[in-house]
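Participant: Just passing along the structure, written as structure tokens.
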Amino acid sequence: MWKGYREAQCGFIEVSESRNRKEQSSESRRTGLFLIIYAPRKAILEIWCMQKGPKVATFQASKNGYLIYNSHDTSQHKSKSGKSTSTCIFFDAEDNSLKNFFIPFHCILSETNSKSAEDFHFLKRLKLMLKTVDLKDPTALTSVIELCEKFRTSEIKLK
């Protein structure tokens with residue numbers, strides 16, 4: 001029970017770690033479980049990490065929406081990992097649209113234990129910085145370079 005979430009609707013999303021190019025088998029892939037909460041009285045959607053507990057994100061939503069959660073795949077096919085997949089979709093009644101949830105796997109990891117989680121954080125800061133900073137300014141250019149030097153994984157360095 002969550003205090004202050006009256007008439008809330010809940011769903012779960014299981015996210016698998018993306019495979020490296022070298023990795024061939026899907027058995028060693030890690031998975032993470034996320035809880036989606038739609039609180040119509042507050043008009044918000046929240047995503048919570050089930051393993052570690054912190055809130056991942058909060059989004060504004062309409063008060064007249066519905067969280068559609070199906071714990072069984074009705075299409076009679078399996079996902080690439082061999083498991084049947086569950087779906088969680090938000091129906092926004094204001095514009096009659098369906099909104100899917102795409103949660104990156106690194107959100108399940110704590111930043112102290114994951115190089116990639118920290119690199120994704122630095123990449124996000126870099127993208128924001130590049131939108132607002134004038135690269136002709138030498139101090140701004142050095143701050144961009146310093147941020148790029150903090151990347152530790154080769155995948156993020158390529159991005």
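Read the figures in this text as sums done on the coordinates, not as results from a lab. This one's a predicted model, so the numbers in the text were calculated from it and none came from an experiment. With ideal geometry, Cβ positions are generated from the backbone for all residues, glycine too; neighbour counts draw on all protein chains shown.
Participant: All other residues with a Cβ under 12 Å from the Cβ of Y5 taken together, and with Lys, Arg as +1 and Asp, Glu as -1, what is their net charge?
Facilitator: Net charge around Y5: +2.
Participant: Among the listed pairs K3/K55; K55/K124; K42/K99; K131/K159; K55/K159, which are separated by more than 20 Å between their Cα atoms? All intermediate terms of the calculation are to be shown ahead of the outcome.
Facilitator: On the way: K3/K55 15 Å; K55/K124 18 Å; K42/K99 18 Å; K131/K159 16 Å; K55/K159 27 Å.
Result: K55/K159 exceed 20 Å.
Participant: Next question. Net charge within 14 Å of L147 by Cβ-Cβ distance, Lys/Arg positive one each and Asp/Glu negative one each, not counting L147 itself?
Facilitator: On the way: positive: K124, R125, K127, K131, K150, R152, K157, K159; negative: E118, D119, E146, E149.
Here the charged neighbours net out to +4.
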